[in-house]
Amino acid sequence: MDTLLTSLSSALHSYQSPLPLYVTLSLSLLLIAAYVTIWRRYARMIKKYRNYLRYHEVDEQTGLKNMTYFLQRADEAIAELRERRVPAAFFYTDLTHFHRYNMTYGFEMGNRLLQRIARELRLAFPNSLVCRISADHFAGIVPLESCRVAMLNVRAALQPYARREETTLVFGLYAIKPQDVFRDADDVMRGLERAVTASHFAEGQDSGDIVFFDKELEEQERVREHVIKDIDVAVEQRWLRVYYQPIIDVRTEQLFEYEALARWQDPEFGFLPPYKFIPALEEERTIYKVDTFILAQYGRDVEASRRAGEQVFPVSFNISRTDLEACDIYGHIEDIIARYRLPRELVHVEITESALNGWTFSMQKAVRRFHELGLEVWMDDFGSGYSSLNTLKDYDFDVVKIDMDFLRNFNEKSQTIIRSVCRMCRELGIRTVAEGVETREQFAFLQDAGCDYAQGYLFSRPLPLEEVRAKMRPYYEGAPDATVPEPVVT
Ligand code: C2E
Ligand code: CA
Ligand code: CA
């Protein structure tokens, strides 16, 4: 220490600066202070930048990486798996009815469910890229082998929290091909979109709600996008058609009325049955355009029948639950009834049992409103849900259509159920229709069970008006005309 002090004092003594010593010292101090300030600022900037990156890469809710990160890093994840010669796949998940889950249990529970899903996915794919890419959607790049088992495990782990009838996790997958190239975010997006497409078809599949993208799905997706985009053109150009299926009075074996069912004759994609366009339009909440078209077309058919002196029969037509929210369905129906001068007793509204689940109050109101319009309300697919007896208690339906599953599995048990439903409904003052009647044996059973009406291929498939009329003539010639005398327009 002594030597250090001695050498320092000799250095100061020998210091030969042109500036006085105190000036040199002050300048050094100033330089040090400036250095510290600049360094601090720099450190703050780095921290801010890191937070910025974190904010833009990490999903705060679940702690997983987000969409930005996914698009930037998926190519690396794929390259790494390719290097190890591990076949890989994009996956995308959809949480069905999550909106309803949030409405029923609250957002706090909804958030917790998302966090659980994130945790299960991380556990199932510990070394893979797994991200939350938007509200209730997760995506990732995972090894192809055993990913199905891992996904089933995720679903099983979530079962207690996301009860199946309320919300369920479905997976869409795209197995990456050796020739696929991933150069930038656009390439990654294309792969992801294929997994998204597959997820649209995953719900309710035998494969455990896990579906791989293939050529057939690609075509289905094209149809889906087309019907969503061109529903107005389809209405305007009459690509939409009404097919009528007879409903027979079981007692008299005469034609009672028709159910009006939608078909889409497309100039590009050809003939489309309802399952190819109805679910997509229901999701888009534009299905009311189909439903109101069907009723209006019935109105036009009634007008034409009157002009041709043909007999007119009542019709039941289908409405979807979203019709009640997406438009003024009552107003639309009123307009059509007025425009075609339809007697109200000819028009029956079918609402499926599944549409009632979780919406008791608003659906009770809807049934009341239809009754106020003077229309009968029919419950479709009765027995397909889990709370069928409640629906009989809570709603005021005029007719119940027994789900065709009961006749499809035509055994002693199903017969007992049909018998009991018919008896119970009769006591409640509700009439019954059995759907899916395909054999004489089934029809004879329904006569014995006291069912009021029968609908099914035994009599006819749904057909265009001209054809069904020709086919059903033997079932109504001589029967009393259902047409109430034409109303007087004031
Ligand atoms: P849904 O209302 O339950 O209609 C009955 C379906 O069962 C019809 O299928 C009909 O062709 C079929 N079917 C009738 N009898 C038999 C039978 O004996 N055996 C078998 N295996 N099937 C039979 P479709 O026309 O393909 O309609 C399917 C579903 O699409 C309808 O089921 C309905 O939920 C929906 N849908 C059809 N048209 C419309 C519409 O205009 N609006 C709305 N919202 N939904 C519609
Ligand atoms: Ca129906
Ligand atoms: Ca039905």
If the cut-off is a Cα-Cα distance under 29 Å, which lysines reach Lys393, setting aside same-chain residues fewer than 8 apart in sequence? Lys365, Lys401, Lys413
For the chain, the charge dipole (Cβ of Lys, Arg +1; Cβ of Asp, Glu -1; about the Cα centre) points to a positive end, and the Cα of Ala74, Val433, Ala34 closest to that extreme belongs to Ala34
Cα-Cα separations in the stretch 107-205 greater than 20 Å, expressed as whole percent: 39 percent
Using only C-alpha positions, report the orientation-averaged shadow area of the convex hull of the chain, nm², one decimal. 40.1 nm²
FRET efficiency for Asp249 and Lys177, Cβ-Cβ distance as r, R0 = 51 Å, nearest 0.05? 0.30
Proportion of all alpha-carbon pairs of the stretch 217-297 beyond 19 Å (%): 39 percent
Checking the a/c ratio against 1.5 first, then a/b against b/c, what shape does the Cα gyration tensor give for the stretch 95-142? prolate
Using alpha carbons only, how many degrees (0 to 90, rounded to 10) separate the axis of helix 21-57 from the longest principal axis of the chain? 20 degrees
Separation of alpha-carbon centers, the stretch 110-152 and the stretch 255-322, rounded to whole Å: 41 Å
At q = 0.21 Å⁻¹, what is the base-10 log of I(q)/I(0) for the stretch 183-327 according to the Debye formula with one equal point scatterer per Cα and no solvent? Please give it to two decimals. -1.29
Value in Å of the Kirkwood radius, where the stretch 329-410 supplies the Cα pairs that are averaged: 13.6 Å
Shape of the stretch 56-112 from its Cα gyration tensor (a ≥ b ≥ c, root eigenvalues): rounded if a/c is under 1.5, otherwise prolate when a/b > b/c, or oblate? prolate
For the stretch 340-490, what ratio Rg/Rh do Cα atoms give with a Kirkwood hydrodynamic radius? 0.99
For the stretch 212-263, what is the largest minus smallest coordinate of the Cα atoms on each principal axis, given in angstrom and ordered from greatest to least? 50, 32, 10
Expected sort for 305-311, 339-345 on mean C-beta neighbours within 10 Å, highest first, is 339-345, 305-311
Cα centre as origin, Lys/Arg/Asp/Glu Cβ charges: the chain dipole, Debye: 2160 debye
Leu389 and Asn127 label points (each 7 Å along its Cα→Cβ direction) are spaced in nm at 5.4 nm
Of all beta bridges DSSP finds with both residues in the chain, what is the antiparallel percent, to the nearest 5? 55 percent
Would you mind checking the tilt of helix 360-372 against the longest principal axis of the Cα atoms of the chain, expressed as 0 to 90 degrees and rounded to 10? 40 degrees
Computed magnitude of the charge dipole of the stretch 214-335 (debye, nearest 20; Cβ of K, R +1, Cβ of D, E -1): 380 debye
Could you sort Glu57, Glu438 by their accessible area in this structure, using a 1.4 Å probe and putting the largest first? Glu438, Glu57
Between Leu428 and Ala135, what FRET efficiency comes out of the Förster formula 1/(1 + (r/R0)^6) with R0 = 35 Å and r the beta carbon distance, rounded to 0.05? 0.25
With each pseudo-label sitting 7 Å past Cα toward Cβ, what's the Ile38-Glu57 distance in nm, one decimal? 2.8 nm
Put +1 on the Cβ of every Lys and Arg and -1 on every Asp and Glu Cβ in the stretch 171-269; which of Gln265, Gln205, Tyr174 then has its Cα farthest towards the positive end of the dipole? Gln265
In whole percent, what relative contact order does the chain give with Cα contacts below 8 Å and a gap of six or more residues? 11 percent
Give me Rg/Rg_expected for the stretch 140-190, where Rg uses Cα atoms only and Rg_expected = 2.2 N^0.38 Å with N residues. 1.50
Using the beta-carbon distance between Glu216 and Arg419 and R0 = 45 Å, what value does 1/(1 + (r/R0)^6) give for FRET efficiency, to the nearest 0.05? 0.60
Reciprocal mean inverse distance between Cα atoms of the stretch 282-384 - Kirkwood radius, Å: 14.2 Å
Does anyone have the angle between helix 185-200 and the longest principal axis of the chain? Alpha-carbon axes, 0 to 90°, nearest 10? 30 degrees
Within the stretch 99-173: Cβ-based charge dipole about Cα centre, in debye rounded to nearest 20 (Lys, Arg +1; Asp, Glu -1): 80 debye
Largest to smallest principal axis extent of the C-alpha atoms in the stretch 44-189, angstrom: 45, 44, 24
Would you please classify the overall shape of the stretch 378-445 from the alpha carbon gyration tensor, given that a ≥ b ≥ c denote the square roots of the eigenvalues, rounded means a/c under 1.5, and beyond that prolate means a/b larger than b/c while oblate covers the rest? prolate
What does the extension gain come out to for Phe107 and Arg82, with contour length at 0.36 nm per residue minus their alpha carbon separation? 5.0 nm
If you project the alpha carbons of the stretch 252-339 onto their three principal axes, what span does each projection cover, largest first, in Å? 39, 32, 29
At what distance in nm do the modelled label points of Glu310 and Trp359 sit from each other, each positioned 7 Å from its Cα along Cα→Cβ? 3.3 nm
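The values are calculated or read from the model by the stated rules, or taken from the named source; none is laboratory data. These numbers were taken from a predicted model, which means no experiment stands behind them. Ideal geometry is used to build each Cβ from the backbone, glycine not excepted, and the neighbour counts take in all protein chains shown. Just the protein is used for accessible areas: all its heavy atoms, side chains included, with ligands, DNA and RNA removed. Shrake-Rupley method; radii C 1.70, N 1.55, O 1.52, S 1.80 Å.
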